[in-house]
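One structure is given here, and the rest of the page talks about it.
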Amino acid sequence: MSIPVDTKLPILKSMYKTIYDPTWHFPCGVNDYKVLMDEFHHVSTAFLRLDKRYQDAIEEVTNKMGHGMAKFICLEVETIQDYDEYCHYVAGLVGLGLSRLFHASRLEDFAPDNLSNSMGLFLQKTNIIRDYLEDINEIPRPRMFWPREIWGKYAAKLEDFKYEENSKAAVECLNDLITNALGHALDCLKYMEALKDHAIFRFCAIPQIMAIGTLSVCYNNINVFRGVVKIRRGLTAKIMDQTHSMSDVYGAFYDFSSLLAVKINKDDPSSQRTLDAIEAIQHACRASGLLSKRRSFSVKTSKQRKEVFLLLLSIIFVVVMSYMIVNSP
């Protein structure tokens, strides 16, 4: 964010040519970003070793992405259409590019562009929603990716959601954005249904499950505006270890959408649209006929854990009392 726009724009627009030049580098950024830019020759060297059919796919996507990102450096994300277009440039094109690489490898059929695009948008919108606080506090100036068409219904300024007195409006806006993101879930399921190679399937499915899991914990959660909200590490490990088939994907989407549904407040302005989106996801999962074979990715809430504990305590109490009565003199 500290690089002057006049410096940044030509680099973005020419990156699709730069990847062919192993002598190019551009010192900037901090930590891992600085290492990447200082040692970009490793990226270029690896790229030049690829077969031309892979290079062509990467060049095409890099060209479109660079020009798209350059466009939005000079624009604000105002409308939902802007939001979808921005997410297309930074993530939807990744989905399209990967689909081209999968097809070029002859391991997969060519996927429809709209499904490939949704695979990227679902992940990108999840990240944008989750990273509100980090982006709004960015130095030297905030990064603002939430569309005004949505957040403008709840606040005068996007940064207003940081403040405790605006908690109700912040959560309502959050829920509205999550509902918008859920609209891509059906496309993602259709895309994954068509995959044939096991390694490619896992590569695609694990992030998508992580995304709907993240949306389920972010929904109606004020902590999104106070810090970083993530799914538990143990659950992350379980998802990575146990995602191997579409039955696992359907099970995860069904379980996480159910978890989200429990949190819906009927007084929330977007509650009906959220319920409709969840019903569509769950209908697709049930219609697959694979839910009976699924692994469970459900997460017990603290209330559920308390109820289980009390039930077990009651059973123990009944058993002990019965034993004492039977064995009393």
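The values are calculated or read from the model by the stated rules, or taken from the named source; none is laboratory data. Not measured: the values here are computed from a predicted model. A quick note on method: Cβ atoms are made from the backbone with ideal geometry, for glycine too, and the neighbour counts reach across all protein chains shown. Side chains included, ligands, DNA and RNA excluded: accessible areas come from the protein's heavy atoms. Shrake-Rupley method; radii C 1.70, N 1.55, O 1.52, S 1.80 Å.
Listing for the model above:
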read-out	value
Extended-chain gain in nm, criterion 0.36 nm per residue less alpha-carbon gap, Cys28 and Val5	6.9 nm
Cα-derived Rg over Rh, computed across the stretch 8-64 with Rh taken as Kirkwood radius	0.98
Extension gain from Asp276 to Asp131, taking 0.36 nm per residue of separation minus the Cα-Cα distance	49.6 nm
The chain: most fluctuating residue of Gly92, Gly183, Gly152 per GNM, C-alpha cutoff 10 Å	Gly152
Nitroxide proxy distance, nm - points 7 Å out along Cα→Cβ at Ser14 and Tyr163	4.5
Arg143 versus Ser292: modelled label distance in nm, points set 7 Å from Cα along the beta carbon direction	4.7
Rh by Kirkwood over Cα pairs, then Stokes-Einstein D for the chain at 1.567 mPa s and 4 °C, µm²/s	58
Of the DSSP H helices in the chain, those whose Cα atoms cover at least 30 Å axially and whose Kyte score averages -0.5 or more	302-326
Mean separation of Cα contacts under 8 Å, 6 or more apart, over the residue count of the chain: relative contact order %	13
Rounded to whole Å, sorted largest first: equivalent-ellipsoid semi-axes of the stretch 1-157, Cα gyration tensor	28, 22, 13
Range of Cα positions in the stretch 155-241 per principal axis (Å), largest first	50, 27, 16
Where the stretch 1-155 is the region considered: accessible area per residue in Å², 1.4 Å probe	54
Contour minus Cα-Cα distance for Ile80 and Lys266 (0.36 nm per residue)	64.6 nm
